[in-house]
Amino acid sequence: MANTLKLEIVTPDAVTYSDDVEMVTLPGAEGEMGIYPNHVPLMTQIVAGEISVRKGGRDLFLAVGDGFVEITGKRVAVMTDMAILADNIDEAKAEEARRRAEARLVEKLDDEETATVNAALAHSAAQLRVKRRQGR
Amino acid sequence: MPSTRDIRRRIKSVKNTAQITKAMQMVAASKMRKAQQAALAGRPYATLMNQVLGQVSGCVGDFTHELMTKRPVKKRAVILISTDKGLCGGLNANLVREAGKFDRATTIYIAAGRKGSQFVARTKRQLGAEFTYKDAPLFSEARAISKFARELFTKGEVDQVDILFTNFISTLNQKPEVVPFLPVTEIKGLGMGLEDGAQLSKDGTEFLFEPGVEGVLGALLPHYLNFRVYQILLESKASEHSSRMVAMKNATDNAKQIIKDLTLEYNKLRQANITKELLEITSAAMAMS
């Protein structure tokens, strides 16, 4: 019996992560979800947050934006607009991006722009959360 | 018979032209590299998206989304993705030839890029909207196009939407292609060079949806369509710059050939002149003696 999952995290820019893992925790739209191998096929949305991956007994964290996840018994495919490994997050940059997004929100924006800024805000917040958790 | 001065002047002007085309070739080459990278980087995402949607839409049961409903085609829209600038070889000419094949009475054109809208205006066809996109296409630009097309479709003004664009196959090969956009009935790749297609799977794997089929598909379909337009914009840009680079390289090569021919002619003429003068001098000297 297969006891690993093939996890693929793909963004429009690149394939960020592709490996066999033992377990993955996703930031689902209705709360966190832990996925083990042989999960029931599931299609769901995720929100900006952190994905934690367990591989070989070690945990790995990624900051992701919102997107979609397709889960079959053997495979978890994550399609999102941002994915950064915790080690690659630049805390200062994320902090600055968050401040800039917050400043933009105060201005009057149309719906389209508000959505863009909110997404940017969520991205930077997710990065910061993942990074700070690592530091602890 | 042109004089030596005429030929010299022509050589100079051809040299100037060659310099300009050479510079344009360099610019296009550097832009091409960027555009190609962007197009290639987007492909895994597009492939995965196709696979997922293909699998999922095979197992939604009775549920149909309004973007997936097939209707008898009375009116159709074509999203025509062309370039803003010319001087890129036969790219736009080929594109326009394909665009002219649609029935003029029942087709509404949605133009992205100035050359396409010029064509629609020139042939007095129906122009639904005109969009612009930058050298490095932005996702928001793609979203605007896709949103407009979706609204036309959901309001029932058109029953089918296709996209006509130049598929990037390699630096030397780009092909105008028509791909279906709406309704989403089958998930197909864009042929060779672009992502792999994925067939609708009918193997009966039941998918759970969280939070519900409607919610997930309702979010996934528009995103899929937006991204499809975005990827197509990237591919078109890569085609444009490749095509321009090749066209400019040909122009530079031609100019060099012309310079060579003209120089030869110039030297021949110059020698003929010298020989003529020598002959005159010697014959004059012979007459004197």
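With a cut-off of at least 3 residues that are under 25 Å from residue B:223 (Cα atoms) and within 14 Å of another protein chain (Cβ to nearest Cβ), name the strands (runs of 3 or more DSSP E) lying wholly within the range A:1-113.
Per the criteria, A:5-10, A:15-21, A:23-28, A:31-35, A:42-46, A:67-71, A:75-80.
Among the numbered criteria (1) under 23 Å from residue B:210 (Cβ atoms); (2) crowded, with 16+ Cβ neighbours inside 10 Å; (3) over 13 Å from the mean Cα position of the chain (by Cα), which one does residue A:82 miss?
(3)
Return only the number of the condition from (1) away from every other protein chain (no Cβ under 14 Å); (2) among the small types (Gly, Ala, Ser); (3) farther than 19 Å from residue B:238 by Cβ that residue B:30 does not satisfy.
With respect to (1) away from every other protein chain (no Cβ under 14 Å); (2) among the small types (Gly, Ala, Ser); (3) farther than 19 Å from residue B:238 by Cβ, residue B:30 is out only on (3).
Which of the numbered conditions does residue B:137 fail, given that it passes all the others? Conditions: (1) outside any strand (DSSP E or B); (2) over 23 Å from residue B:239 (Cα atoms); (3) touching a helix residue (DSSP H, G or I) at 6+ places or on another chain (Cβ under 6 Å).
With (1) outside any strand (DSSP E or B); (2) over 23 Å from residue B:239 (Cα atoms); (3) touching a helix residue (DSSP H, G or I) at 6+ places or on another chain (Cβ under 6 Å) applied to residue B:137, the lone miss is (2).
Can you run down the residue pairs with Cβ atoms below 7 Å, 6 or more apart or on separate chains, where the first is in the range B:265-281 and under 13 Å from residue B:4 (Cβ atoms) and touching a residue at least 60 places away in the same chain (Cβ under 8 Å) and the partner is outside any helix (DSSP H, G or I) and not small (Gly, Ala, Ser)?
Pairs found: none.
Every residue in the range B:59-106 that is modelled with pLDDT of 85 or more and among the polar types (S, T, N, Q), please.
Selection gives B:82, B:83, B:92, B:94, B:106.
Would you call residue B:238 more than 14 Å from every other protein chain (Cβ to nearest Cβ) and either open to solvent by less than 10 Å² (accessible area, probe 1.4 Å) or under 13 Å from residue A:45 (Cβ atoms) (or both)?
Spelling it out, residue B:238 is indeed more than 14 Å from every other protein chain (Cβ to nearest Cβ) and either open to solvent by less than 10 Å² (accessible area, probe 1.4 Å) or under 13 Å from residue A:45 (Cβ atoms) (or both).
Table: residues versus (1) in the same structural domain as residue A:26 (by TED's automatic domain parsing); (2) not β-branched (Val, Ile, Thr).
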{"position": "A:46", "(1), (2)": "yes, no"}
{"position": "A:55", "(1), (2)": "yes, yes"}
{"position": "A:64", "(1), (2)": "yes, no"}
{"position": "A:69", "(1), (2)": "yes, no"}
{"position": "A:82", "(1), (2)": "yes, yes"}
{"position": "A:94", "(1), (2)": "no, yes"}
{"position": "A:97", "(1), (2)": "no, yes"}
{"position": "A:101", "(1), (2)": "no, yes"}
{"position": "A:104", "(1), (2)": "no, yes"}
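Give me the residue from the range B:80-129 that is in contact with a strand residue (DSSP E or B) (Cβ under 7 Å, 6 or more places away or on another chain) and surrounded by fewer than 17 Cβ atoms within 10 Å (Cβ to Cβ) and, out of that set, nearest to residue B:234 (Cα to Cα).
Here the answer is B:94.
What single numbered condition from (1) under 20 Å from the mean Cα position of the chain (by Cα); (2) free of Cβ contacts under 8 Å to residues at least 12 places away in the same chain; (3) part of a helix (DSSP H, G or I) fails to hold for residue B:142?
Of (1) under 20 Å from the mean Cα position of the chain (by Cα); (2) free of Cβ contacts under 8 Å to residues at least 12 places away in the same chain; (3) part of a helix (DSSP H, G or I), only one is false for residue B:142: (2).
The values are calculated or read from the model by the stated rules, or taken from the named source; none is laboratory data. Treat the numbers as computed from the prediction; the structure is a model and nothing was measured. Because the Cβ atoms are built from the backbone with ideal geometry, glycine has one as well, and the counts that use them run over all protein chains shown. Heavy atoms of the whole protein, side chains included, go into the accessibility calculation; ligands, DNA and RNA do not. Shrake-Rupley method; radii C 1.70, N 1.55, O 1.52, S 1.80 Å.
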